[in-house]
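The values are calculated or read from the model by the stated rules, or taken from the named source; none is laboratory data. Note that the structure is a prediction, hence the values are computed from the model and not measured. Don't worry about glycine lacking a Cβ; one is built from the backbone with ideal geometry, like all the others, and counts go over all protein chains shown. Heavy atoms of the whole protein, side chains included, go into the accessibility calculation; ligands, DNA and RNA do not. Shrake-Rupley method; radii C 1.70, N 1.55, O 1.52, S 1.80 Å.
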Amino acid sequence: MAMTTTPEADHSRAAATYRPAANRLGLWLFLASETFLFAAFISSRFVVSGTDQPEHLNQGLALLLTLLLLLSSISAFRAEAAMAHDNRKLFHREMLTTIVLGLLFLVGVGVEFNEAVADFPVGTIYGSSFFMLIGLHAFHVLTGILALGVVWNLGRKGHYSSQDHWPVEGVVKYWHFVDLMWVAIYPTLYLFGGS
Amino acid sequence: MRQLLRAVIFGILGYLIGAALTWLIRGGSMGDEVCVVFGYILGLIGWLFGIGMGDTWVREWFGLPARKYEVTGWKRYLGFSTDHKVIGVQYLATFIVVLLLGGVAAMIIRFELAQAGEGILNADRYNQVMSMHGILMVAVAVAAILGSFGNYLVPIMIGADDMAFPRLNAVTFWLIPPVAIGLLAAPTLGSFDAGWTAYPPLSVVNNGGQILFVLAVTTFGLSSILGGLNVITTIVTMRAPGMTWGRLPIFVWGAFSASLISLLTTQFFAASLILIAMDRVAGTVFFNGGAGGDPLLYQHLFWFYSHPAVYVMVLPGFGAVLETITHMSRKPLFAYKAVVVSFLSIAGLSVIVWAHHMFTSGMAEYLHGPFMFASEMISVPTGMVFLSAVATLWRGKLWMKTPLFFAMIWIFQFLMGGVTGIFLADVVTDVSLHDSYFVVAHFHYTIMGGMLFAFLTGIFFWFPKITGRMINDRLGIIFALWLTIAFQLTFLPQFWLGTNGMNRRIADYPEQLEGANLMSSISAFILGSSFILFVYILLSGAIRGPKAGGNPWNASTLEWQVSSPPPEHNFSGQPTVVGHPYGYGTAGSRHAEFADVTVAAAPPEQPGTDQGGDHE
Ligand code: HEM
Ligand SMILES: [Cu+2]
């Protein structure tokens, strides 16, 4: 028996019929699982520090960050739609826009962290939740950007078509998910309670 | 082999680079925990890349064609294989080894406890050995059945040729060796001694070995999550034509419901461990009561996973036992649908009972009642599983071979575990039983009795399928009785010890408890030595046992309709499922048909003859 490492099993009689469904379900299950991870951290914040908030929260910057991510979800959506219509030029542009918005978000997080260290350092209980939650999310943004980069690069080389672009669909769904998690984290840290 | 070597080298290089870079950036010493963390992460990536993820997968991300490995024979088992059967065997072998390692630790523990006073271990060493034993065995319990039989059998049982994500499956397995290495390397940093539960504040302030525990166990969690994802996707999307949800073999349902739990709740375990790591290395104060944190948070997060985890352990076990019982008593599984509903409701209920581990922790009083009630509710679906097992055996034509022995003993073992669980779930009794040897005895009956005996049932039932050979049945039965009797003599005294005031996780005890402890220790050595026979049975069976043929048990489910071991990609033609899997005793009942030759995939109907005794 020779070992084959054929990518997700072409030798299967039924591969063509189950592959799209399997990919989709696999991604949704992964996202469901990730939701539990975020839920664990978000609930930890409420357990250890209720809805307490420190004096100095940079609300303006947080709103800007939220806006950046929401915009990036729109461009990601447009990138996917473009590939579904074989519109490669638009695909490139929208993917790049998404990546750039993601990078800007990370820069913003850096700025925010820099300020926060002075106001509520890691060693305070709000600081713990703050750095943990935003750090976890930023890590997901980073992986999202890397994945977007990979897909953008492959798309540039002509790997996808309107018929066959699961990776585009997958990475965009992941990006929406990361965006959605921010929509939960933002109020958790910035809006609930308050002083 | 080449890949394995490369993986080791890349792993070590990754570790060194990660640790050195961190050290260069932040100073301090290279042995600091931060350096260990980044070293481990890079080392893990290096390991996965080296073992084959790079060649077969990552290359595609950069538009390069994936490489294939043309490996044959036994060498497949030492490399990055995407064949679900190879991966199943890899899991099986790995976890039998881990089981034996954990067993050695158990022997050391019992040696220390044989007499009051300090023996071979001082209190610190004792805690380290006990923690190592605990986490190794929990890892076995969580992953052994699902990893080995889940991988090996689920695709065949549903008429598929592999798992839904074969490469992911290989990665899932190859995440395990770093877990073992991480745990076993912990003594280099001073070991971990906070038990398998790793409660803070101790786990935040103890020796550096704890950080390796955290990293390794988080990796293990990742592997469980990915494995669960793969099993669920496979079952949902790859069932053969005609394989409706109502026709799935019961083992598949067990694997499905366990996977559902591990897919979702394991994230809470990961979260709790990540928070420990953050408190240790990043200076956060989640569990530092002095700075406003709350150690109880850890217990909530931890048990939100770790209670459901006990059902990740036993649900596939339920499946394996019921499967064995129905085939070997030649009767349809009693109340199939009710069992399926029970499995799913166990999975559902398992996430709302976690705080029964925290009745004495000081959590809010008003939580006691609801958690007690919910915990005791689980007895209802669990009772249904017992009912099905017993009623299937009832008036069956019992084929008293090793697997059925184990399955029937399992019923008793798990019953003992379940019944004693009720005393622990009851707040009033738990207040005095908590953290005593009663708990230790309880979870050994449930895990060793409920999971390990089911694992052994499965090993002996599917051994002919996997190796193509039969074991020596007489030795198998001797092993079953030896193990079972020694088990009772080891753990029954521990119930008594617990109610008489012996604490768990303690190296010494009052002298008046010596008698029962000595008895438990001697029996434990007898129990441990039975595994020498176990290994001998497996090896001698695999090497020179008589040939098994495709269907030695004359069983109806799909895995028995192909050769032993099954051919690559499992079936030569697409099977079509046409009936219930357990049509024993129904004239003309059929489970499946095959595209080329029509094979009646149902046991031959022999009215009036003794189907039990004469199948050899
Ligand atoms: C009817 C079913 C069960 C009930 C009501 C039950 C109840 C309990 C309770 C209340 C405790 C906490 C005792 C204490 O620390 O004071 C406990 C501990 C434990 N149970 Fe069960 N249990 C049941 C089944 C199981 C099963 C099926 C398993 C595993 C397969 C299991 C494994 C464990 C373990 C590992 C612990 C100890 C955890 C630790 O503190 O290290 N239980 N059980
Ligand atoms: Cu529990």
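Here r is the Cβ-Cβ distance between B:I9 and B:I485 and R0 is 35 Å; the resulting FRET efficiency, rounded to 0.05, is 0.15. Every pair of different Cα atoms in segment A:86-195 enters the Kirkwood calculation, which places the hydrodynamic radius at 15.5 Å.
The C-alpha atoms of chain A define a longest principal axis, and helix A:88-119 lies at about 20 degrees to it. The angle between the Cα long axis of helix A:125-156 and the longest principal axis of the Cα atoms of chain A comes to about 20 degrees, rounded to the nearest 10. Report the accessible surface area buried between chains A and B, summing both sides, using a 1.4 Å probe on protein heavy atoms only, in Å² rounded to the nearest 100. Buried area between the two chains comes out at roughly 4300 Å². Does chain B come out rounded, prolate or oblate by the C-alpha gyration tensor, with a ≥ b ≥ c the root eigenvalues, rounded set by a/c under 1.5 and, if not, prolate when a/b is larger than b/c and oblate if not? The shape class here is oblate. Taking Cα centre as origin and charging only the Cβ of basic (Lys, Arg, +1) and acidic (Asp, Glu, -1) residues, the dipole magnitude of segment B:81-544 rounds to 1860 debye.
I need the chymotrypsin sites (Phe, Trp or Tyr not before Pro) found in segment B:282-376, filtered to DSSP loop residues with at most 14 other beta carbons within 10 Å of theirs. Don't skip to the answer; put the middle values down first.
Details: sites: B:F286, B:F287, B:Y298, B:F302, B:W303, B:F304, B:Y305, B:Y311, B:F318, B:F334, B:Y336, B:F343, B:W354, B:F359, B:Y366, B:F371, B:F373; in loops: B:F286, B:F287, B:F334, B:F359.
Those that pass, being in a loop and sparsely packed, number zero.
With each label modelled as a point 7 angstrom along the Cα→C-beta vector, the B:T576-B:W245 pair spans 2.4 nm.
What does the accessible area per residue of segment B:130-217 come to in Å², with a 1.4 Å probe and no ligands, DNA or RNA counted?
Ligands and nucleic acids excluded, the result is 19 Å² per residue.
In the context of the full set of protein chains, residues of segment B:378-513 present 37 Å² of accessible surface per residue (probe radius 1.4 Å, heavy atoms only).
Interface burial in segment A:37-58 reaches 30 Å² or more for A:L37, A:A40, A:F41, A:S44, A:V47, A:V48, comparing the full protein assembly with the chain by itself; accessible area from heavy atoms with a 1.4 Å probe.
FRET efficiency for B:L344 and B:M1, Cβ-Cβ distance as r, R0 = 45 Å, nearest 0.05?
0.55
Residues B:V97, B:V36, A:V150 ordered from highest to lowest accessible area at a 1.4 Å probe: B:V97, A:V150, B:V36. Interface residues of segment B:214-258, defined as those losing at least 30 Å² of solvent-accessible heavy-atom surface relative to the isolated chain (probe radius 1.4 Å), are listed as B:L229, B:T233, B:T237, B:M238. Residues of segment B:151-181 with an amide N closer than 15 Å to a point placed 7 Å from the Cα of B:E568 along the Cα-to-Cβ direction: B:161-162.
Simple point charges give the picture: +1 on the Cβ of Lys and Arg, -1 on the Cβ of Asp and Glu, and for the protein assembly as shown a dipole about the Cα centre of about 2160 debye. Averaged over its residues, chain A has an accessible area of 43 Å² per residue, based on protein heavy atoms and a 1.4 Å probe.
Interface residues of segment B:281-308, defined as a loss of at least 30 Å² in heavy-atom accessible area between the chain alone and the complex of all protein chains with a 1.4 Å probe, are B:T284, B:V285, B:F286, B:G292, B:L297. Once neighbouring chains are kept in place and the probe is 1.4 Å, which whole percent of the accessible area of chain B is contributed by carbon and sulfur? Here it works out to 69 percent. Centre-to-centre, using Cα atoms only, segment B:279-335 and segment B:157-188 are separated by 19 Å.
Label positions at B:L21 and B:R59, each projected 7 Å from the Cα along the C-beta direction, are separated by 2.4 nm.
Counting lysine pairs in the protein assembly as shown that sit 8 or more residues apart in sequence, or on different chains, and whose Cα atoms lie under 13 Å apart gives 4.
Ordering A:L29, B:H569, B:T266 by the projection of their Cα atoms onto the charge dipole of the protein assembly as shown, which places +1 on the Cβ of Lys and Arg and -1 on the Cβ of Asp and Glu, puts B:H569 at the extreme positive end. Placing +1 on the Cβ of every Lys and Arg and -1 on the Cβ of every Asp and Glu, with no other charges, gives segment A:86-195 a dipole of roughly 420 debye about its Cα centre. Computed on chain B, with alpha-carbon pairs under 8 angstrom and 6+ residues apart, the relative contact order is 14 percent.
Here chain A has 69 percent of its accessible surface on carbon and sulfur atoms, given a 1.4 Å probe and all protein chains in place.
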